[in-house]
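Chemist: Sharing a structure, written as structure tokens. Questions coming.
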Amino acid sequence: ERWKAEAEVGINPLSANHHAGLALLYAQMGWKAPALAEAGRAVELVPPVDPFAKVWFHFNLARAYTWAAEPDAALKQLGLFLSFPWDYKVNNFRLDPVWDPIRKDPRFQKLLETKAK
């Protein structure tokens, strides 16, 4: 999988989607620095005229930060993500194992409480 994702980024270096996918793959592998670099690059590549796409990439960046054990950065991205209307519901945050590393963080709980209102 990794080599495929890296090849896709090489073929499509301006594709936010490909960089985001590679970021999540790196994060799941525990490759913190490359994961965060790819996630940041994905956010940079989203056209500014598409604010909803930007939100989705901030969500992916939050996931990458969570898997990379960067709770402060993950919570910052989630705060940005939750400030926009989106279909990802509060219960998704409560049930999705992606958020297990930050689930008990009081700041995470506060974000969920704020979004639930």
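The values are calculated or read from the model by the stated rules, or taken from the named source; none is laboratory data. On a predicted model such as this, the values are computed, not experimentally measured, just so you know. Because the Cβ atoms are built from the backbone with ideal geometry, glycine has one as well, and the counts that use them run over all protein chains shown. These accessible areas exclude ligands, DNA and RNA; they are computed on the full protein's heavy atoms, side chains included. Shrake-Rupley method; radii C 1.70, N 1.55, O 1.52, S 1.80 Å.
Chemist: Do you know the relative contact order of the chain, to the nearest whole percent, from alpha carbon pairs under 8 angstrom that are 6+ apart?
Modeler: Worked out over the chain, it gives 18 percent.
Chemist: Could I ask something else about it? Of Arg103, Arg63, Arg41, which is the most mobile in a GNM of the chain whose springs link Cα atoms less than 10 angstrom apart?
Modeler: Arg103
Chemist: Another one. Based on DSSP H runs of at least 4 residues, each adding -39500 (n - 2.57), what is the mean residue ellipticity at 222 nm of the chain after dividing by all its residues, to the nearest 500 deg cm²/dmol?
Modeler: Value at 222 nm, helices only, nearest 500: -22500 deg cm²/dmol.
Chemist: Taking all pairs of different Cα atoms in the chain, averaging 1/r and flipping that mean, what Kirkwood radius in angstroms comes out?
Modeler: 14.4 Å
Chemist: Still on this structure, please answer the following. Within segment 28-109, which chymotrypsin sites (Phe, Trp or Tyr not before Pro) sit in a loop by DSSP and count at most 15 neighbouring Cβ atoms inside 10 Å?
Modeler: The qualifying sites are Trp86, Tyr88.
Chemist: In Å², and per residue, what accessible area does the chain have when probed at 1.4 Å with the other protein chains present?
Modeler: Value returned for the chain: 58 Å² of accessible area per residue.
Chemist: Right, something else. Which percent of the accessible heavy-atom area of the chain goes to carbon and sulfur, probe 1.4 angstrom?
Modeler: Roughly 59 percent, rounded to a whole number.
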